[in-house]
Amino acid sequence: AATGDTAPGTGGGTFVSFGSVQTPPSQMNSQGQVAFFANIAGSAGNASRNGVFIGSVSGVVQAVARMGDVSPIGGAFANITNGDISLNESGQVTFHAISQSGSTQTPAIFTGSGTASPVKVVARGDAGPGGSAVSVIPLNFQMNNAGQVVYVAGLVGGSSPKGIFLGTAGGAQASVALAGNGAPGTDGGVFSDFRDFDIELNNSGAVAFRADITGGTAS
């Protein structure tokens, strides 16, 4: 893909830029597929100004999601975030986007592909553990080849303000660790904070993470 190429998907227009200096613009898998964020100029009514796409040197570029597309959580995508993109060996792409229905905007993480419409992984307002609700959707996350996505989410209304979760698009989201849980190997310490860029996920669904600890022998 290059600037000036026609942007596939509803709305038309052409690519004008890819990613940013601060944000990795693309990811590639061993199949030679590249998932990338792009800004778009000249779409119909200038209503579809960015999106996430997938392609390869041997095949056509396809839209995974574009601003203005129908969102699976209602309304339409008001913005595709120029942030983290995760691509697996099956060509699934996980991305962050904001959906708008009426005057309500809802950030969420979605998984889609060039041939399948996006499906929600988690959105602000979803139910969390212990009667809580998801309040903060991260910009950083990871997906494995099984389609599992790991992320750190903020919580309100329960006993824990933050947690690490593992789930799939359209499936249940399981908590890996919650702030306030006991931290093993710290002589009584508890997890107090997690950072969304300090997590790793392998293809077996095992999660490695960094955590702040309070109340124990390690910090």
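The values are calculated or read from the model by the stated rules, or taken from the named source; none is laboratory data. From a predicted model like this one, the values you see are computed outputs, not experimental measurements. Neighbour counts run over all protein chains shown; Cβ positions are idealised from the backbone, glycine included. Accessible surface is based on the protein model in full, side chains and every heavy atom, while ligands, DNA and RNA are left aside. Shrake-Rupley method; radii C 1.70, N 1.55, O 1.52, S 1.80 Å.
Rounded, prolate or oblate: which fits region 46-164, taking a ≥ b ≥ c as square roots of the Cα gyration tensor eigenvalues, rounded meaning a/c under 1.5, else prolate when a/b beats b/c?
oblate
Please work out the average accessible area per residue across region 64-202, using the 1.4 Å probe convention, and give it in Å².
Using a 1.4 Å probe on heavy atoms only, each residue of region 64-202 averages 40 Å².
Pop out the carbon and sulfur fraction of the accessible area of the chain as a percent, whole number, probe 1.4 Å.
Roughly 51 percent, rounded to a whole number.
Using mean Cβ contacts within 10 Å as the protection proxy, how do 90-99, 5-14 order, highest first?
Ranked by mean Cβ neighbours within 10 Å, highest first: 90-99, 5-14.
Kirkwood Rh, the chain, all Cα pairs: how many Å?
18.1 Å is the Kirkwood radius here.
Once phi is turned into ³J(HN,Hα) by the Karplus curve 6.51 cos²θ - 1.76 cosθ + 1.60 with θ = phi - 60°, what whole-Hz value does each residue of region 104-114 show in order, with x for glycine and proline?
8, 10, 10, x, 7, 10, 10, 10, x, 7, x
Run the dipole for the chain about the Cα centre, Lys and Arg Cβ at +1, Asp and Glu Cβ at -1, nothing else charged, and hand back the magnitude in debye, nearest 20.
For this selection, approximately 380 debye.
Taking square-rooted eigenvalues a ≥ b ≥ c of the alpha carbon gyration tensor, is region 115-219 rounded, prolate or oblate, where a/c under 1.5 means rounded and, failing that, a/b exceeding b/c means prolate?
oblate
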